[in-house]
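Working notes, beginning with the structure itself.
The values are calculated or read from the model by the stated rules, or taken from the named source; none is laboratory data. Values in this document were obtained by computation on a predicted structure and should not be read as measured data. Note: ideal-geometry Cβ built from the backbone for every residue, glycine included; neighbour counts use all protein chains shown.
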Amino acid sequence: MKKNQLVLLPLLFLFARNTEAQTPQELLTKFYFESDLPIVDSSGFDYSDVYSQSSSSWAIDSFPESVVFHNQMSYQNSINPYTSYDIRIGKGGQLYSFRGTFGESVPPQWVNPNWVQPSYGGGHSYAPWVDEVWQLVSVDGSIHNPPDSSYFIHQAGVYLKTPEQTEPFYSPILAEYYNTEEQSYSVVNWGQQAHTEDLQNINHDAGLLYYTKYTNKGKGIIQVDNMIYNFGQDNMNFLNVPWGGVRNSSLDHFFISTPAHDYNLTTGLYGQTPVIQTANTGGWVAWSNDIEGDSPTLGMAHPTTTNTYGNKFRYGDAGNLSNVNNLRDYHVFEMIRQPIGGQLGFGKAMSFRYFYVLGASVDSVKNTILEYDLIGHGLDTSYVAPISEVDSLRYSFQLINQEIIEQVTGTSNGLLLRTSPFSDSYPLFKLSSNNSIDVLTSDPYYFSEFAFDGITSDMKLLGFRDSPTIVTLLNDTICHGNGFTFPDGVNWTDMSEDSSHISYLTGSQLGWDSLVVNDIITRPLDETLDNQQACFSYLWQDGNTYTSSTNTPSITLTNQYGCDSVVYLDLIIDTVNTNTTVNDLELQSMAVNSTYQWVDCENDFSEIQGQDQNSYEVQSNGSYAVVVTQGNCIDTSECVTIEFVGRSTEELTGLSLYPNPTEDIIHLNGFDEISDLNKIELTDNLGILLRKIEIQNRQIDLSKLAKGIYYLEVTVNHKNTRIKIVKQ
C-alpha cells in the first residue's frame, strides 16, 4: 500500500479480529474506516422500519411513497428544534426525504410531460425517487455515449423507460445492519444501470457495490459514510459523492464558504454556473430560505482534499424556476470526484465521508462545523484492503428441494468467505429466482441479463473470494447398506452414460463454469466382505470416505478460465430400523412409519403372501425376516429361527416354571436334569436384557419389577427358547 493512499488523519482503521460477538450482517456492512467523532447528543433519536404517512407532497402520480420507503431516522431536540430532522431512506439506500424545521428539502420528483415517451412503462412517474434524491452515481466515461448508450450506475435504482417496466426497481439490498448503540444504519446495494431503454441495445452491465452508513451524531449532525467497490470490468472515472439537491421552495438560497469560513450567496442555473474546487472553499456549503442566511438552514461539510483528480462541485437551479411551466422546484448539488489511473477499476475501492448539519441559520451551521471539526473528520481515499486485513466467516449449506439454507458455522469447517471486499476480490451472492430456485454465484446476472425484469426475485451478499465462483451443492441421501462412488480418473469435462455424470456447464456470458453432478449410482451390499461397514460409506471426490451424515466437505475446482467452482457436499445417510422382537410365536418389527414384507429365509427370502404388516404370527417352524422400506431406503432384518411351534417349553428346555403368573418369586424345576444348559437371561417385552441368571439359581425374584410380560431366554445346546412369564 502506498503511503499517499491514506489521508485525512485522525482516522480509526477498523479491522476487528474477534468476530464472535458480531453478526454476519454487521460484518458484511462494515467499513474500512471509522470516524473518531463521538455522539454529541444521544437523546431524542429514533429509528423505525415501519412505514407511516409523511407530511411531504410528491409529484409522482403513479406510485405511493410506501413503494420506496425502507426505514427512517429521526432526531428531536427540544432545546434547539432547528437541529431536529427526519430522514427517510429508500430501498436503494438513497436519502429520498429530508425534513427539518424548513419543511421537506428533497425535490418533489416532478417530470416535464415533454420528456415522457409513450413507450415508458412508468409514464410520468418514470423516475420514482431514483433521480432527484441524495445518492451515489458512477460513470465510465469511455463508454458513456448518449443518447443511445447512456452509462449511469445509480445507487437509487433505474428509470422506468421500457414498456414492460410498470413497477419501480430499486438497487437490490444485499446486506443491512442497524446499530442501536451507535445510532447508525448501514446498507450495501448492488448499483444499477439507470437507463434501461439503452440496455436492450448495448452490453452495459453493473459491477459496483455501494456501501452507505447514516449515523446520528446529535445536535443536528448526520454523518454519511460511503464506499464504492468495483467487481466489474468497467473503469469508473467520474463519481458523484453525492448527487442531490434541495427544494427551492424550502431552501431557496445557496451559500458557499471561503477558506476563512466566511460565506457568499451564489445564484445561477445548473450547467451555467462555474465548477467550484472544494480546496478553494472552507469545505462546506449551506442552503437557507433567507437571502441573508438568517433562517433554518441545511449545510454540508466535505473534505477539501482528495486522492482523485480534483474534489469539486457543481450547483444551480434546474431551469428557470420563475417559469410557470417548470415545476421541478429543484436546486442541484453535485459533488464530483474523478478517479484516475484505474483507481476505481476492477478490484478497487474508494471511501468517502461527509456530514449534513442543521441549524437556525447559516452562522449556526458554520459554528457547529467548526466546533466539531467536521471537515477534518471527513474522508476521501482510494484505499482497498488486502485479504489479510479483512474478517471472515464460514458457511455450511443445506439444499432443501431447490432452496438453499445457509448458516454461519462458528467452527473451522465450512466454506470460508471474507466479509469485506479485498483487493481483486469477487462477491459471492445467494440469488433466488421467481420460480423458487436458489444459486450461489459471483454472477449477479445468473438468471437474467436484465436485473429489473423480475426473474431474479431476491439477492443476498454472503462474502468475498479471490476468484469468481459458482457453488454447487451436492445434496444426496444414501441408504445404510448401499454405497455411492465417483469413478476413479474421471474426466471433469466428459459425460459418461454408464457412470456419475459430471460436467462443466456454462453459467453466464462471462464464461464462468458451474460444476454440476447428476445421476447417483449405487452398489448393493457386498455380502462377501467381512467388514460390512466398507459398504456403508460414501467416497467423495475429495478422496475422503464418509460413513455418517455430514454437510461440511467442499472441494474447489479451477477451470480453464481461471474461475472456481466450489462443490459442497450435503450428505445424509439414512438407516432403516431393522430390529425385531419375538413374543411367543409373534414376530414384531420395531420400525415405524414404514412398509413391511415378511419373508421366508429358508426359501430364498421369498415373500410370505399377505404378511405385510409390522407383525407376523408364525404358523410353522422355520427362519423368518422382515423387509422394511423407509422413504427411499430398503433393508432386511436378521433372520429369526422358530423351532417350537406345537411344542411346549418344557419339552424344548426340560424346564418348568411355577407359579406363572406370579407376584414375586418364580421357581425353576428340572434344573438338575439339564446337562446342556448354556445360559439363562431375563428380558422385558421388547427383548431388552434385564439380568443374567446364574445357572445354579433355583428361583428368580421379580418383586421389584412392574406388572407386565417378561421372558426367560433359555439357551440349551446352543439353541434359544423363550419362556413367557406374567408378573401380576
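Figures for the structure shown
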read-out	value
Exclusive hit being over 20 Å from ASP443 (Cα atoms) and either modelled with pLDDT under 95 or assigned to a strand (DSSP E or B) (or both), set GLN135, GLN109	GLN135
Region 110-147 - residue that is among the hydroxyl-bearing types (Ser, Thr, Tyr) and within 33 Å of the chain's Cα centre (by Cα) and, of those, surrounded by the fewest Cβ atoms within 10 Å (Cβ to Cβ)	SER125
Count of residues meeting criterion [without any contact (Cβ under 8 Å) to a residue 40 or more places away in the chain and within 25 Å of HIS331 (Cβ to Cβ)] in region 145-185	2
Filter result (under 16 Å from SER62 (Cα atoms), hydrophobic (A, V, I, L, M, F, W, C) and touching a residue at least 24 places away in the same chain (Cβ under 8 Å)) within region 109-141	TRP110, VAL111, ALA127, TRP129, VAL130
Residue list for region 307-332, filter: part of a loop (DSSP other than H, G, I, E, B) and either modelled with pLDDT of 90 or more or loosely packed, with under 15 Cβ neighbours inside 10 Å (or both)	GLY310, ALA318, ASN320, SER322, ASN323, VAL324, ASN325, LEU327, ARG328, ASP329, TYR330
Pair list, Cβ under 9 Å, 6 or more apart: region 426-450 residue under 18 Å from TYR170 (Cβ atoms), other residue acidic (Asp, Glu) and assigned to a strand (DSSP E or B)	LEU431/ASP438; LEU431/ASP458; SER432/GLU403; SER432/ASP438; SER432/ASP458
Candidates TYR263, TYR270 - the one that is under 28 Å from GLN109 (Cα atoms) and more than 40 Å from the chain's Cα centre (by Cα)	TYR270
Residue count, region 604-622 (criterion: among the small types (Gly, Ala, Ser) and free of Cβ contacts under 8 Å to residues at least 24 places away in the same chain)	3
Of all residues in region 166-187 being touching a helix residue (DSSP H, G or I) at 6+ places or on another chain (Cβ under 7 Å) and more than 18 Å from SER66 (Cα to Cα), the one that is surrounded by the most Cβ atoms within 10 Å (Cβ to Cβ)	ALA175
Checking ASP290 against (1) acidic (Asp, Glu); (2) under 42 Å from the mean Cα position of the chain (by Cα); (3) assigned to a loop (DSSP other than H, G, I, E, B), the condition it does not meet	(2)
Matching strands (runs of 3 or more DSSP E) fully within region 416-473 where at least 1 residues are assigned by TED's automatic domain parsing to the domain that holds ILE405 and surrounded by fewer than 20 Cβ atoms within 10 Å (Cβ to Cβ)	426-433, 456-465
Residue list for region 65-85, restricted to those being crowded, with 18+ Cβ neighbours inside 10 Å and under 22 Å from ASN189 (Cα atoms)	GLU65, VAL68, PHE69, HIS70, ASN71, GLN72, MET73
Set ASN280, ASN237: member being assigned by TED's automatic domain parsing to the domain that holds SER84 and in contact with a strand residue (DSSP E or B) (Cβ under 8 Å, 6 or more places away or on another chain)	ASN237
For SER54: the one exception among (1) at pLDDT below 95; (2) within 13 Å of ASN179 (Cα to Cα); (3) of a type in the set (Ser, Thr, Tyr)	(2)
Contacts under 8 angstrom Cβ, first residue in region 334-362 being over 20 Å from LYS312 (Cβ atoms), partner part of a loop (DSSP other than H, G, I, E, B) and basic (Lys, Arg), 6 or more apart	GLY342/LYS348
Pairs with Cβ under 7 Å, 6+ apart, first in region 51-64 and surrounded by 16 or more Cβ atoms within 10 Å (Cβ to Cβ), second among the hydrophobic types (A, V, I, L, M, F, W, C) and not in a loop (DSSP other than H, G, I, E, B)	TYR51/PHE69
Criterion: on the phi < 0 side of the Ramachandran plot, hydrophobic (A, V, I, L, M, F, W, C) and under 24 Å from the mean Cα position of the chain (by Cα) - qualifying residue of LEU358, LEU416, LEU321	LEU416
Positions within region 601-628 being among the polar types (S, T, N, Q) and in contact with a helix residue (DSSP H, G or I) (Cβ under 7 Å, 6 or more places away or on another chain), in sequence order	SER623
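Okay, residues lined up against (1) part of a loop (DSSP other than H, G, I, E, B); (2) at pLDDT below 85; (3) on the phi < 0 side of the Ramachandran plot; (4) assigned by TED's automatic domain parsing to the domain that holds THR721:
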{"residue": "TYR624", "(1), (2), (3), (4)": "no, no, yes, no"}
{"residue": "GLU638", "(1), (2), (3), (4)": "yes, no, yes, no"}
{"residue": "LEU657", "(1), (2), (3), (4)": "no, yes, yes, yes"}
{"residue": "ASN660", "(1), (2), (3), (4)": "yes, yes, yes, yes"}
{"residue": "ASP672", "(1), (2), (3), (4)": "yes, yes, yes, yes"}
{"residue": "SER675", "(1), (2), (3), (4)": "yes, yes, yes, yes"}
{"residue": "LEU686", "(1), (2), (3), (4)": "yes, yes, yes, yes"}
{"residue": "ILE695", "(1), (2), (3), (4)": "yes, yes, yes, yes"}
